[in-house]
Amino acid sequence: AHLSPADRQGIVEVLTRYATAIDRRDWTLLRRCFSSNFEADYQGFGRWHGPEEITEFMRQAHADIAVTLHRLSNFEISADGDGAAARTYCDLIMIGGDPPAVTTQAVGCYDDALIKAPTGWLIHRRKMTVFYTS
């Protein structure tokens, strides 16, 4: 199987949309990043099934955090059957307090299986591995 440049761009866009949605606290946008039977395993944080479960968790988890910056890089994308696989580095900074300061930093990667829907690419399965947290 082959991924076109448009497919690769669509995959980067949905991965970035996920990060942007959390940082903006746009829960409707976040929900639209996932397939209907999405499954996630965030090492040490939890496991979720479906877009509603993970969206509600993220909404609650970020409720008391002033600012989050999800920074993504090193998008490694390949065809996988009818879908795609992606490994993306993530560097998450959480800022809070008065005066504002970095309260938490987590560095790791997302390993995703993605599917192409009529509306575009969606995250179907995700495993998050955290390599460092402070």
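Can you tell which of 106, 61, 40 shows the greatest fluctuation in a Gaussian network model of the chain with Cα springs below 10 Å?
Among 106, 61, 40, the largest GNM mean-square fluctuation belongs to 61.
Residue-wise, which Karplus ³J(HN,Hα) couplings in Hz belong to segment 49-58, taking 6.51 cos²θ - 1.76 cosθ + 1.60, θ = phi - 60°, and x for glycine or proline?
Going residue by residue, I get 10, x, x, 5, 4, 6, 5, 5, 4, 5 Hz, with x marking Gly and Pro.
Show the residues, 5+ positions off or on another chain, whose built amide H is closer than 5 Å to the amide H of residue 39.
Amide H neighbours of residue 39: 50, 125, 126.
So how tilted is helix 5-24 from the main axis of the chain? Cα-based, degrees 0 to 90, rounded to 10.
Value to nearest ten degrees: 20.
Which whole-number value in Å² is the accessible area per residue of segment 1-120, probe 1.4 Å?
Ligands and nucleic acids excluded, the result is 55 Å² per residue.
HN-Hα J couplings of segment 71-87 from phi, Karplus 6.51/-1.76/1.60, θ = phi - 60°, integer Hz, Gly and Pro as x?
Once rounded to whole Hz, the list reads 10, 10, 7, 6, 5, 9, 10, 9, 5, 8, x, 7, x, 8, 10, 9, 10.
Expressed as a whole percentage, what fraction of the accessible surface of the chain belongs to carbon and sulfur atoms when a 1.4 Å probe is rolled over the protein heavy atoms?
52 percent
Please report the relative contact order for the chain, taking Cα pairs under 8 Å with a sequence separation of at least 6, and give it as a percent rounded to a whole number.
Reported as a whole number, the value is 25 percent.
Kirkwood Rh, Cα Rg: Rg to Rh for segment 36-100?
In segment 36-100, Rg relative to Rh is 1.05.
Residue by residue through segment 27-41, which ³J(HN,Hα) values in whole Hz follow from phi under the Karplus form 6.51 cos²θ - 1.76 cosθ + 1.60 (θ = phi - 60°), with glycine and proline marked x?
Rounded to whole hertz, the list is 6, 5, 5, 4, 4, 7, 7, 10, 6, 5, 10, 4, 9, 9, 10.
The values are calculated or read from the model by the stated rules, or taken from the named source; none is laboratory data. The structure displayed is predicted, hence computed values, not measured ones. To get the accessible areas, we keep the full protein, side chains included, count just its heavy atoms, and leave off ligands, DNA and RNA. Shrake-Rupley method; radii C 1.70, N 1.55, O 1.52, S 1.80 Å.
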